[in-house]
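Q: Would you mind keeping the following structure in view while I ask a few things?
Values quoted throughout were computed directly from the atomic coordinates according to the rules given, and no laboratory measurement underlies them. All of these numbers come straight from a predicted model, not from anything done at the bench. Ideal geometry is used to build each Cβ from the backbone, glycine not excepted, and the neighbour counts take in all protein chains shown.
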Amino acid sequence: MPHATVQRTVGVRLQLPINRDKTRGLCCPQESMKFLGYRIGWNYRNDGSAYIGTRPSKASVQSLCRKVSELTSCKYGLIDSQEMVRRLNWMLSGWSNYFHLGQVSPAYSAIDNHTTKRLRQWFSRKHQVKTGKYVRFSNKRLWNDHGLVCLSPKTKNLPWA
């Protein structure tokens, strides 16, 4: 009896439509592909050697940077400093927990640079600082005193895929 049940479920067709924009054939590894936010294709080590691997796609990095920019915009100027850093840390930690396979160092560095720049601008607007922004809100101070997450050091303990 269970055999007949299996036969009926195997014969059912899902009739899912094929998305013509997303479906394509490619010649791997010459062409890279994007899948679930990752770019799969040629990656290069510091010594110039190449390997096929993954890294976060540019669109994924840009999407996170847009969210950071939105969160640190003028309309959130009345939020407490600790709450702002907590929200940013929550966003950065979640993104880095998903994107931790492969060559992530360049993406992490770009996100760190963008986040510290935007948070520095936010602090300067909040405290009405026009000069000396980098002295008063240096990267080390943002990371150590205010507790902003720095993604770049996390790459030392990550596996290479």
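Q: Just need log10 I(q)/I(0) for region 57-157 at q = 0.18, 0.23 Å⁻¹, Debye formula, equal scatterers on the alpha-carbon atoms, no solvent, rounded to two decimals.
A: Rounded to two decimals, the profile gives -0.83, -1.28.
Q: Right, here's the next one. Let me check I've understood the local charge: for Ser152, count other residues with C-beta under 14 angstrom from its C-beta, Lys and Arg +1, Asp and Glu -1. What total comes out?
A: Numbers: positive: Lys140, Lys154, Lys156; negative: Asp112.
My count for the surroundings of Ser152 gives +2.
Q: Calculate the dipole size of region 35-118 relative to its Cα centre from +1 charges on Lys and Arg beta carbons and -1 charges on Asp and Glu beta carbons; express the result in debye to the nearest 20.
A: Computed charge dipole of region 35-118: roughly 200 debye.
Q: Give the lysines reachable from Lys117 as a straight Cα distance under 29 Å; neighbours fewer than 8 places away on the same chain don't count.
A: Partners within reach: Lys34, Lys58, Lys67, Lys75, Lys126, Lys130, Lys133, Lys140, Lys154, Lys156.
Q: Express as a percent, rounded to the nearest 5, the fraction of DSSP beta bridges in the chain (both residues included) that run antiparallel.
A: Taking every DSSP beta bridge with both residues in the chain, the antiparallel ones total about 100 percent.
Q: Towards the positive end of the charge dipole of region 57-157, with charges on Cβ (+1 Lys, Arg; -1 Asp, Glu), say which of Ala110, His100, Ser73 has the farthest Cα.
A: Ser73
Q: At what distance in nm do the modelled label points of Gln82 and Ala50 sit from each other, each positioned 7 Å from its Cα along Cα→Cβ?
A: So the label points at Gln82 and Ala50 sit 5.2 nm apart.
Q: What ranking, highest mean first, results for peptides 56-66, 112-122 when packing means the other Cβ atoms within 10 Å averaged over each residue?
A: Numbers: 56-66: 16.7, 112-122: 19.0.
Highest to lowest by the protection proxy: 112-122, 56-66.
Q: In what order do Tyr76, Tyr44, Tyr108 fall by count of nearby beta-carbon atoms within 10 Å, going from fewest to most?
A: Listing Tyr76, Tyr44, Tyr108 from fewest to most nearby Cβ atoms yields Tyr44, Tyr76, Tyr108.
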